[in-house]
1. Only one residue in L74, L108 is in contact with a Phe, Trp or Tyr (Cβ under 9 Å, 6 or more places away or on another chain), under 30 Å from Q305 (Cα atoms) and either hydrophobic (A, V, I, L, M, F, W, C) or touching a residue at least 60 places away in the same chain (Cβ under 8 Å) (or both). Which one?
2. Which residue out of M1, M24 is modelled with pLDDT under 85, surrounded by fewer than 17 Cβ atoms within 10 Å (Cβ to Cβ) and not basic (K, R)?
3. Go through (1) without any contact (Cβ under 8 Å) to a residue 40 or more places away in the chain; (2) under 30 Å from S242 (Cα atoms) and name the single condition P93 misses.
4. Any chance you could count how many residues in region 182-222 are without any contact (Cβ under 8 Å) to a residue 24 or more places away in the chain and either basic (K, R) or within 18 Å of S47 (Cβ to Cβ) (or both)?
5. For region 83-137, list the helices (runs of 4 or more DSSP H) that sit wholly inside it and hold at least 2 residues that are farther than 29 Å from E483 by Cα and over 24 Å from the mean Cα position of the chain (by Cα); which are they?
6. Does I407 meet the test of being of a type in the set (A, V, I, L, M) and over 23 Å from L245 (Cα atoms)?
7. Taking G68, is it in contact (Cβ under 8 Å) with a residue 24 or more places away in the chain, under 28 Å from L218 (Cα atoms) and either in contact with a Ser or Thr (Cβ under 6 Å, 6 or more places away or on another chain) or not acidic (D, E) (or both)?
8. I'd like to check something: does region 365-388 contain any residue that is without any contact (Cβ under 8 Å) to a residue 24 or more places away in the chain, among the hydrophobic types (A, V, I, L, M, F, W, C) and loosely packed, with under 15 Cβ neighbours inside 10 Å?
Amino acid sequence: MKLSNLGWNTGSFLAATLVFVPLMALITISLENTEDIWSHLVETVLSDYITTSISLMIGVAIVTMIVGVASAYLVTHFTFPGVRWLSWGLLLPLAVPTYITAYAYTGLLDVAGPIQSQLRETFNVSFGSYWFPNIRSLGGAIFVMSFVLYPYVYMLARSAFLHQTARLEQSARLLGAGSFRVLRSVTLPIARPAIIAGVSLALMETLADYGAVSYFGLTTFTTGIFRTWYGLDSVAGAAQLSLMLLSFIIILVFFEYHSRRQKHTQFKGSGETRPQTPLNGWHKWLASVAVSLPLILGFIVPVSQLGMWAIKYHSGLFEKSFWILVWNTLSLAMMTALIALLIVLALAYATRLSNTKLTFYCQKIVSLGYAIPGTVIAIGVLIPLASLDNSIDSFARSQFNVSTGLILSGSIVALIIAYLVRFLAVSLGPVESGLGNIQSSMDMASRSLGKAPLETAYRVHLPMLRPSLLTALLLVFVDVMKELPATLILRPFNFNTLAVRAYELASDERLMEAALASITIVIVGLIPVVLLTRASTNQD
């Protein structure tokens with residue numbers, strides 16, 4: 001093996017180790033004897049964790065599938081008022097984290113909210129004398145998560161519909177099949193792999209959520225992990241629950257991977273433009289309302305509510321504490337994004353130069369990080385770092401009679417490592433795609449001029465990769481800003497971010513004060529959604 005290839009392979013191995021070690025630490029700590037803790041969990045709350053998590057998954061799967069597929073079908077097969085801007089506007093809910101949407105709807109629909117207050121005033125009734133749906137419930141969580149996460153299904157279903165050849169549908173109609181039968185027998189079966197992949201992604205986010213389910217008081221695996229760790233003071237018990245949660249994720253990853261392997265069944269058209277049927281009369285207005293509804297419920301309503309609160313309590317904008325939060329959040333996100341970019345550049349370039357089994361499997365391990373919930377990653381990162389801190393402290397005490405304290409596990413180093421484990425996969429995709437568009441003949445031409453691989457990367461590849469690098473940087477930057485559970489567990493003392501501050505204020509029922517931090521996260525979160533929209537438009 002050439003020395004240069006050895007260096008690239010070593011870099012790939014180290015990147016994969018960053019993801020692999022926390023998982024191994026999680027498995028190791030879960031092997032500790034926790035018979036008393038585990039028997040207590042089994043007798044009291046474990047069944048609730050399982051049934052609530054499964055019920056939440058089933059509800060979100062059904063709603064996101066119906067909303068995402070129906071919206072994608074309507075915007076790709078028909079023309080009606082507003083279809084052009086609705087086709088990209090349906091992606092906007094991705095900019096709003098689920099926990100922030102939960103805060104907005106709670107403030108809107110709760111007992112003291114404007115809707116119930118207006119109902120009591122209009123009909124002269126008192127609380128308890130009328131029925132009103134409880135937003136802080138399993139049904140409320142399904143509603144909130146579904147209208148935030150349906151864009152995953154919508155994106156992939158829309159792409160599948162756009163790339164299907166229209167000839168199959170036309171042939172079915174010539175054989176006498178009606179529109180509904182064509183949809184059921186031809187269109188949906190062909191797009192099924194993409195739909196399953198989209199639902200799997202939505203369910204991964206559902207299982208990983210902590211902010212919304214905690215705020216609604218639901219007993220899921222993520223809330224159970226927090227309670228076991230902090231309430232029962234059992235890291236091993238929390239690790240065991242984390243592995244149970246991870247088993248659900250592995251099943252979803254398997255289905256998502258299997259659906260991608262079946263993509264060849266989508267019968268892509270050869271560059272043909274899909275014809276869209278104009279709708280007339282009341283049908284066109286019905287379609288317009290139906291497609292607008294997910295956008296209204298998933299983005300316009302919660303963001304409008306947050307905006308009104310932020311305007312009403314805008315005084316926080318001039319407080320020093322708010323700008324400290326902004327600085328903490330932005331600096332942490334930027335540091336993580338830059339480090340992630342350097343790592344994935346090395347990983348992607350190693351695969352390009354030395355496409356061995358080692359680099360292939362290292363890349364696959366790194367790609368799995370995004371599927372792991374932040375709660376699980378935080379525990380997996382904290383265990384080895386705390387052990388390393390203890391070893392350093394023991395050495396310093398024995399040799400220099402000095403205590404070093406928590407150098408790693410009590411600093412932002414732990415946070416950055418956890419973010420890297422989860423979000424390296426996010427930046428890997430754009431960089432891989434960008435490198436794949438650069439022909440290998442350019443590498444050979446550069447080498448024939450005597451340029452080493454590193455110089456070729458600097459002078460040839462990097463200038464051509466600028467759009468991909470910017471996309472990768474922004475995606476990680478925004479994901480770090482929105483990440484809540486890992487930040488809650490690993491943040492140093494007296495260190496807050498916008499996400500944590502919004503969560504703390506909302507937990508204290510100070511929703512209006514939480515609006516400023518929340519709306520800031522949403523505004524920045526619009527950046528990757530715009531990038532996704534541009535990419536989707538270019539593919540069309």
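The values are calculated or read from the model by the stated rules, or taken from the named source; none is laboratory data. A quick note: this is a predicted structure, and the numbers were derived from the prediction, not measured. All Cβ positions, glycine included, derive from the backbone under ideal geometry; neighbour counts span all protein chains shown. These accessible areas exclude ligands, DNA and RNA; they are computed on the full protein's heavy atoms, side chains included. Shrake-Rupley method; radii C 1.70, N 1.55, O 1.52, S 1.80 Å.
1. Numbers: L108 fails: in contact with a Phe, Trp or Tyr (Cβ under 9 Å, 6 or more places away or on another chain).
Result: L74 is the single residue among L74, L108 that is in contact with a Phe, Trp or Tyr (Cβ under 9 Å, 6 or more places away or on another chain), under 30 Å from Q305 (Cα atoms) and either hydrophobic (A, V, I, L, M, F, W, C) or touching a residue at least 60 places away in the same chain (Cβ under 8 Å) (or both).
2. Values: M24 fails: modelled with pLDDT under 85.
Just a single option satisfies the conditions, and that option is M1.
3. (1)
4. Final tally of qualifying residues: 1.
5. Working: elements: 83-89, 98-109, 114-123.
Filter on region 83-137 gives 83-89, 114-123.
6. Working: of a type in the set (A, V, I, L, M): yes; over 23 Å from L245 (Cα atoms): yes.
Yes: the conditions hold for I407.
7. Values: in contact (Cβ under 8 Å) with a residue 24 or more places away in the chain: yes; under 28 Å from L218 (Cα atoms): yes; either in contact with a Ser or Thr (Cβ under 6 Å, 6 or more places away or on another chain) or not acidic (D, E) (or both): yes.
In short, yes.
8. There is at least one residue in region 365-388 that is without any contact (Cβ under 8 Å) to a residue 24 or more places away in the chain, among the hydrophobic types (A, V, I, L, M, F, W, C) and loosely packed, with under 15 Cβ neighbours inside 10 Å.
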